[in-house]
1. Report every pair of residues separated by at least 6 positions or lying on different chains whose Cβ atoms are under 8 Å apart, first residue within the stretch 259-277 and farther than 19 Å from ASP213 by Cβ, second loosely packed, with under 13 Cβ neighbours inside 10 Å and among the aromatic types (Phe, Trp, Tyr).
2. Which residue pairs have Cβ atoms closer than 6 Å, lie 6 or more positions apart in sequence or on different chains, and pair a first residue in the stretch 442-455 that is charged (D, E, K, R) with a second residue that is assigned to a helix (DSSP H, G or I)?
3. Among the residues in the stretch 39-48, are any within 30 Å of VAL469 (Cα to Cα), open to solvent by 40 Å² or more (accessible area, probe 1.4 Å), in contact with a strand residue (DSSP E or B) (Cβ under 8 Å, 6 or more places away or on another chain) and not in a helix (DSSP H, G or I)?
4. Which condition from (1) in contact with a Ser or Thr (Cβ under 7 Å, 6 or more places away or on another chain); (2) of a type in the set (Asp, Glu); (3) under 28 Å from GLY310 (Cα atoms) is the one that GLU55 breaks?
5. Could you check THR287 against (1) buried (at least 16 other Cβ atoms within 10 Å of the Cβ); (2) in contact with a strand residue (DSSP E or B) (Cβ under 7 Å, 6 or more places away or on another chain) and say which number it fails?
6. Counting only residues that are over 25 Å from the mean Cα position of the chain (by Cα) and open to solvent by less than 30 Å² (accessible area, probe 1.4 Å), how many does the stretch 454-486 have?
7. Say we look at the stretch 207-253 and pick out the residues that are assigned to a loop (DSSP other than H, G, I, E, B) and aromatic (Phe, Trp, Tyr); which of these is farthest from the chain's Cα centre (by Cα)?
8. Can you pull out every residue in the stretch 109-131 that is touching a Phe, Trp or Tyr at 6+ places or on another chain (Cβ under 7 Å) and of a type in the set (Ser, Thr, Tyr)?
Amino acid sequence: SANPVSRIAIALYRPVLHWTLRGRNWVVLGAAAVIVLTVWPLRQLGSEFMPPLNEGSLMYMPNSIPGVSIATQRRLLQKQDSILMTFPEVESVWGKAGRVQSATDPAPMSMVETIVNLRDPADWPEPLTQDQLIAKMDRALRFPGLINSWTMPIKNRTDMLSTGIRTTLGIKIFGPDLATIESIGAELEELLAPVPGTASIYAERSFGGRYLDIVPDREALARYGLAVGDVQETIATVLGGRNITTMVEGRERYPVQVRYARAFRENPDRLDRILVGTPAGFQVPLTRLVDVRYATGAPMIKSENGQLVGTVFIDVRNRDVGGYVAEARELVENSITLPPGYRLQWSGQYEAMQRVARRLYVAVPLTLAIIALLLYFNFGNVVEVGIVMLSLPFALVGGVWLLWLLDYNLSVAVAVGFIGLAGLATQTGMIMLLDHGAVARVRPKLMTVVAIMAGLMPLMWAHGTGASVMQRIAAPMVGGMLTSTVLTLVVIPVLYYLWRRRSLPRDEQLK
């Protein structure tokens, strides 16, 4: 080649190739040893569904005890928002408690959702990671009776739509009795709180809601000639309100509701001011017709697949979800015996991980089979296909080691990166088996690898929303292309020579 860079590369590679062919047995053993050694970092990698996307905002979701009053929850919400606004990294805070009048938002009054919009990281007074910022905020927001959990808005909505779990991990308890479900949840909460990685844990309380029961006194009703429905209609109107008409303004419609003023209905002791009309024409105070008492009950009854269900919410931080579940699951199985008719289901990100894993068990072998089929169409020889496919474990070596060095967990993004690496490694392996000889293939191989690396390396230093996901996709390819280039330049010529040496003249065979 007239290219000086190519001449230098060929001059350096020629003696290396000669040495590897002379020590071909050691080369094969060394390559096998490298692949075996890669098992160690592979076993050290954690697992998660997806890396954090870093949406540029946070969602703070504390849980309070059931039955908290609206006034108390409002004061807590205002206090939390004011504390969050003291952080210089925060631009704005929007919090809400309870739910809107929608069946798609089954949130009790005890659950708070606060959107924390962050400033650009360049404007922060000190460089912090998102986890470090969350840790600082969490320390400032410790209130008695509140269990903190942190996530991100889009991630939270996606998780709740797919699994119904608003934290990283959740344990669903299925069974026929709410009291037993609550008891099992309390056991899990106490058992898993000390497990490393548990930032917070909260078991839903199946009971604890405070109710005002108004029970009709049938004897008193009969004395005044009233029916139970008459009293219930009065209570529903004056306390809950009733829509009596609709106001029309152009294309807009507004219901008009009537009920007693707040001063007449905010205190149970004032229920005697509520009057019930009788058939005789006079009015009777409500307290003469009913028995008023406080009662406790379920703040919310949830069911799934026809079974009652309670949930233990676990916020996992500074640890991979897969490793946490493995340890926690073993601890639960050894410590808790479920009554007959009850079962546990690990949900949240773990459920998504299991679903993706089942799909990858099909997608990965199918991808490898398609690659092998295309190679067979190109070479028409099973042995050459096998030699090229050996570039895949060579690429896997670098990908795994780089993931371990960067402290990345296995995830869907990493799996996508490895699938892409399979195609790239096969492409570079094919170049080595073309008919021009290994030495003549140095330049095209290096050009291919350099072009791929030039496109991937900027992703490793990217910042902003989505960068963490792209880095997990690029890391296996970057590390894999490095080791694939080195090992294929050394090992594939040896394997090819061992296969073809019997057909070579004796004077061309290496002794």
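The values are calculated or read from the model by the stated rules, or taken from the named source; none is laboratory data. Every value quoted in this text rests on a predicted model; they were computed, and no experiment measured them. Note: ideal-geometry Cβ built from the backbone for every residue, glycine included; neighbour counts use all protein chains shown. Each accessible area value is taken on the protein alone, full model and side chains, heavy atoms only, with ligands, DNA and RNA left out. Shrake-Rupley method; radii C 1.70, N 1.55, O 1.52, S 1.80 Å.
1. none
2. Qualifying pairs under 6 Å: ARG443/SER6; LYS445/THR428; LYS445/ILE431.
3. Here is the first cut: in the stretch 39-48, the ones within 30 Å of VAL469 (Cα to Cα) are 39-48.
Restricting the remaining residues to those that are open to solvent by 40 Å² or more (accessible area, probe 1.4 Å) gives 39-40, 42-44.
Still in the running and in contact with a strand residue (DSSP E or B) (Cβ under 8 Å, 6 or more places away or on another chain): none.
No, every residue in the stretch 39-48 fails to be within 30 Å of VAL469 (Cα to Cα), open to solvent by 40 Å² or more (accessible area, probe 1.4 Å), in contact with a strand residue (DSSP E or B) (Cβ under 8 Å, 6 or more places away or on another chain) and not in a helix (DSSP H, G or I).
4. The failed condition is (3).
5. All conditions are met except number (2).
6. Of all residues in the stretch 454-486, those over 25 Å from the mean Cα position of the chain (by Cα) come to 454-458, 478-486.
From what's left, open to solvent by less than 30 Å² (accessible area, probe 1.4 Å): 456, 478-481, 484-485.
Qualifying residue count for the region: 7.
7. Within the stretch 207-253, the first condition is being assigned to a loop (DSSP other than H, G, I, E, B), and the residues that meet it are 207-208, 217, 224-227, 241, 250-251.
Adding the requirement that they be aromatic (Phe, Trp, Tyr) leaves 207, 224.
Values: PHE207: 29, TYR224: 61 Å.
Looking at residues that are assigned to a loop (DSSP other than H, G, I, E, B) and aromatic (Phe, Trp, Tyr), I get TYR224.
8. Here is the first cut: in the stretch 109-131, the ones touching a Phe, Trp or Tyr at 6+ places or on another chain (Cβ under 7 Å) are 114-116.
Matches in the stretch 109-131: THR114 only.
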